[in-house]
Amino acid sequence: MSTVTPVSTNTSQRKKVTTLTFRQKKERGEVITMLTAYDYPTAMAIDKAGIDSILVGDSLAMVVLGYENTLPVTMEEMLHHARAVARGAKSAMLIGDMPFMSYQVSVEDAVRNAGRFLQQGGMDAVKLEGGRERADAVRAIVGTGIPVMGHLGLTPQSVHQLGGFRAQGKTATAAKRLLEDAKILEEAGAFSLVLESVPARLAEFISKQISIPTIGIGAGGGCDGQVLVTHDLLGLFDRFTPRFVKQYANFHAEMNKAFADYIDDVESKRFPAVEHTVEMSDEEWDAFQKEIK
Ligand code: KIV
């Protein structure tokens, strides 16, 4: 097995990242980093690398659970994965993504389910999709003391309404509506905002027009921070890779090769070898043989 030296060898715990850190980073012009995670070891590795924030995204539905889109994932499934991430990451700010139908039906549902992410999932904040139509929910959740991150542009929970996973805000009218929505979410108390698949010049303009940090995905370098789906970055999800993703590894191919090598080793009896085997002394073995006679 090859050994890889971890990039971060700092064993002392970093200071916990909070909404205040987000605000200060924007004020200082420092970029905010965010990645998704859905399990303990990944959360641990991302946290150790020094990330600002980990999103337990509802992309879980696609990249981990194998669904076609994000709609089928439930609160229970999100909480199950949120808890695993919370056990692995100690310093990053942890954000639970509110799944489809957990906040759209009523403001009461929205508040109750947001609370579950903190109480039962170990999260520090929640994220939800939508603009003006979600302002009341954002206001109510923030009113209970729970930080809310908004999400505008390509909002995957509206994939059927949008006619597919397509870029948003490309016309003057759509761009104006996006800017208005960003201001409405800021006014409703959101501490930050994801901008997904929108033109770079629009994302940069919106970022300058609001005081809360924008986190871009497929929205260019003018946002206050960046987020990617970790499975895309690692090349773990082989169904498709959005154009805006930079792949830093090809783990799907690596895994495939490791599994094929294992099968080959077992079939050809190269594994397990002596070093993988538990020994028993000749003395004990002889005693055992006598015992069973
Ligand atoms: O669910 C998710 O991973 C997300 C990111 C793409 C921002 O919402």
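FYI, it's all coordinate maths here, none of it is from the lab. Note that the structure is a prediction, hence the values are computed from the model and not measured. For neighbour counting, all protein chains shown are included, and Cβ atoms are generated from backbone atoms with ideal geometry for every residue, glycine included.
What the table shows:
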quantity	calculated
Residue list for segment 143-158, filter: more than 12 Å from L202 (Cβ to Cβ) and crowded, with 17+ Cβ neighbours inside 10 Å	I146, P147, V148, M149, G150, H151, L154, T155, P156, Q157
In segment 155-172, the residues that are out of contact with any helix residue (DSSP H, G or I) (no Cβ under 7 Å at 6 or more places or on another chain) and within 16 Å of the ligand (Cβ to nearest atom)	T155, P156, Q157, S158, V159, L162, G164, R166, A167
